[in-house]
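Working notes, beginning with the structure itself.
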Amino acid sequence: MEAFQKVHPLEFYKKFLERSVRPDGRGLDCFRKINISTGSIMTTDGSSFVKIGNTSVIAGVKAEVALTPTQSDNSISSNNNNNNNKMFVNVEMGPICSNIFSSSKPSEKAMSLCSQLNSLVNRLEINDKELYFDDQGKYSWYLYIDLYCLDYNGNLMDACVLAIMSALKNVKLPKGIVVESSASEAPQLFKDTEQPMRSLNIGTYLIPQTFVLLNDYLLTDPSLEEEKLSSGTISITFNDRFEICTLLYTGITSISEKILEQCLEKTKKRSTEIINLIDNCCTTINNSNNNNNI
Amino acid sequence: MKIDFRVTNPIATSIPLDYKIYKQQQEQQKQNEQQQTISVPVTTTSEPIKKRTNRSEEQFRQIFMKTGVVSQASGSAYIEIENTKVICSVHGPRASPKTELFESAKFSCELKFASFARPGERIDYMESAKEKDLSINLRQSIIGAIRLEKYPKTVIDVYVMVLNDDGGVLVAAITAASMALADAGVEMYDMVSACSSICIRNQSISNGSNGSGSGNGSSGAAPKVQSSILLDPTLQEEESKDSLGCVVVAKMPSLNEITQIIQTGELSYNNTIDGIDLCIDGCDKIYSIMKQNLISSLEKQVSKKLE
């Protein structure tokens, strides 16, 4: 049996898919169990750990302060497309998560995922005022979101989006104090640790869902093996008003409109579950301030 | 050509300081002015070490270990020493990419910090000197325990990721790596366990010696510094100005052989010996935890297979 799987993986899958079941026991529409825990890394301003089946991603947010760029600054360096960004996402897929990655430079997969996530973060509808350091908004917080893949078993996109969402929900920013010193020197910036921290108001939720096409069968939440064998991958991200934030299809064959509609429908169905998942993980951890084990 | 495709911020940002410390400094300055003494520049930001309240000087922090956390690796381990969190995965023994013949396996170690692992500034993605140093120390501690001659023409790679640093990173890394190697089924003479201790100048004495200043150092014999040795230091203890030096010992407990001793800082002979002794005892205790963990994880695996 194992030999057959190794030698003819596609045939092996076909035998299962004909009976509408996958080798790991899931149905075609079934997704793996999602675990989210937040606040386990003490050195960050907000962190989360997401596990989808065996795929696990850890996210940490570090907040730093700088002058808010003014309009005139924007026009000077307008060629830089992420000028107004206050959030920067980086994805690291090191050799820790799988032996197909090396440690020397970021893999192509990590790079493409990184650029997708960076554009997605801007769809989160976080008001500029939320990131003000002082009351007037002369200075603002910049959030650096670093995602580390710890175990790569397919469907990293969903795990990363969920990790970003829950890490940002976990962010606690201290109150900022600007001390104006003598005219020549730059004012000093301080954080007031005695006052209560505030959390970010995030306007919307992102609901990600990835599908894979394997032998004309549509599989939800693919594992690494299914991703490898697949002829195409469809990634959809909705916000909570069911507007499409990303829709990405990559593959060697074309897909019909019907399949796409199916995917959209399935993602919509799952939205309330994902929203509950993100909300729950944030409320339960706040009450019990314990260390979270992986 | 741009090699690094990671996203960077074109604007330089900084981490704000704590307002509480600033206020304290201001008040001190005011007091100094009122007393009309020569104003002493307030530079010290590191707080003096708080005395341990929740554990004694020769006590460990709580340790949690788990093997088999990374499904894609041949062996893996996760270890948590209270806030120090380290994950390790082992790839191999696998065929080496080069076709050259060598009689024993090639063994390499790599340790990385997550960019958010330490308090304060973010850590660069590029390998730093500190990471390189820790990688080499990690390799040196473990390589003696592995039976490399059993795996000719192969490579064994150990990757360690530090998710949160709260002191004792090397200890956690060595322990995690040997657990992961055992999980991968690599033949070893014994598992390596590690332990660290730190020598700290006692508070009451340090206040007295501060007054005399550094100018008196040359006159006569150096005043004897009263110190105490703490097991399993936290980051705050490691980086405080009161720490005199640190000892890390890696050991194969059932063979009773030491694989590595790293001593840094300025320690007297007696302090070093005491520190090593304390570490050796600590290694034995950690070893028993490692053994217990491996046995229970194996039991779980077996019972899963039987089902």
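A few points about this structure:
- Measuring nothing but protein heavy atoms, the accessible surface of chain B at 1.4 Å probe radius is 50 percent carbon and sulfur.
- Per residue of B:113-124, other chain Cβ atoms within 10 Å of the residue Cβ number 5 on average.
- Partners for A:Lys268 among aspartates and glutamates (Cα-Cα distance below 13 Å; same-chain residues under 8 apart left out): A:Asp240, A:Glu243
- Nitroxide proxy distance, nm - points 7 Å out along Cα→Cβ at A:Lys129 and A:Val21: 5.6 nm
- Between the stretch A:3-28 and the stretch A:115-167, the alpha-carbon center distance in angstrom: 37 Å
- Percent of Cα pairs exceeding the 45 Å cut-off, where the set is the protein assembly as shown: 25 percent
- Net +/- balance of residues flanking A:Lys62 in space, Cβ distance below 9 Å, scoring K and R +1, D and E -1: -3
- Whole-Hz Karplus values for the stretch B:266-279 come out as 10, 10, 6, 4, 5, 4, 5, 5, 4, x, 5, 4, 4, 5 Hz, taken residue by residue from phi with 6.51 cos²θ - 1.76 cosθ + 1.60 and θ = phi - 60°; glycine and proline positions read x.
- Of all aspartates and glutamates in the structure, the ones whose alpha carbon falls short of 15 Å from that of B:Lys23, not counting any fewer than 8 places away in one chain, are A:Glu180, A:Asp192, A:Glu194, B:Glu47.
- Straight-line cross-link partners of A:Lys138 among the lysines, defined as a Cα under 17 Å from its Cα and at least 8 positions apart when in the same chain: A:Lys86, A:Lys129, A:Lys175, A:Lys191.
- Each peptide in B:232-242, A:44-54 was scored by the mean count of other Cβ atoms within 10 Å over its residues; highest first, the order is A:44-54, B:232-242.
- Percent accessible area from carbon and sulfur atoms, the stretch A:88-140, protein chains only, probe 1.4 Å: 43 percent
- Positive minus negative residues near B:Leu298 (Lys, Arg vs Asp, Glu; Cβ under 12 Å): +2
- Shape category assigned to chain A from the gyration tensor of Cα positions, a/c cut at 1.5: prolate
- Shielding by partners for peptide A:133-144, expressed as the average number of C-beta atoms from other protein chains within 10 Å of each residue's C-beta, is 2.
- R0 of 41 Å, Cβ-Cβ distance B:Glu57-A:Lys138: FRET efficiency to nearest 0.05: 0.25
- Global form of the stretch B:90-145, assessed from the alpha-carbon gyration tensor, a/c cut-off 1.5: prolate
- Two-site FRET efficiency, A:Lys105 against B:Arg94, from Cβ-Cβ distance with R₀ of 25 Å, rounded to 0.05: 0.75
- Rough spin-label spacing in nm, given labels placed 7 Å along Cα→Cβ, for A:Glu261 and B:Ala129: 6.5 nm
- Cα gyration tensor category, rounded, prolate or oblate, for the stretch A:220-265 with a/c compared to 1.5: prolate
- Zone residues, the stretch A:196-226, relative to A:Ile244, backbone N less than 15 Å from point 7 Å out along Cα-to-Cβ: A:207-211
- Entries of A:Lys109/A:Lys228; A:Lys51/B:Lys304; B:Lys132/B:Lys241; B:Lys98/B:Lys153 with Cα pairs more than 18 Å apart: A:Lys51/B:Lys304; B:Lys132/B:Lys241
- In loop segments of the stretch B:112-164 as defined by DSSP, the GluC sites (Glu not before Pro) with at most 15 further C-beta atoms inside 10 Å of their C-beta are B:Glu121, B:Glu127.
- 3J(HN,Hα) from dihedral phi, the stretch B:70-77, Karplus parametrisation 6.51/-1.76/1.60, rounded to Hz, x for glycine, proline: 9, 6, 7, 9, 5, x, 8, 8
- Calculated on C-alpha atoms, the gyration radius of the stretch A:199-286 divided by its Kirkwood radius gives an Rg/Rh of 1.05.
- Evaluating 6.51 cos²θ - 1.76 cosθ + 1.60 at θ = phi - 60° for every residue in the stretch A:141-157, the Karplus couplings come out as 7, 10, 9, 9, 9, 10, 10, 10, 7, 9, 8, 9, 10, x, 6, 6, 4 Hz, glycine and proline recorded as x.
- A simple spin-label model places pseudo-atoms 7 Å from Cα toward Cβ; at B:Glu299 and A:Lys14 they are separated by 4.6 nm.
The values are calculated or read from the model by the stated rules, or taken from the named source; none is laboratory data. All figures in this text were calculated on a predicted structure; none of them were measured in a lab. Don't worry about glycine lacking a Cβ; one is built from the backbone with ideal geometry, like all the others, and counts go over all protein chains shown. The accessibility values were calculated without ligands, DNA or RNA, using every heavy atom of the protein model including side chains. Shrake-Rupley method; radii C 1.70, N 1.55, O 1.52, S 1.80 Å.
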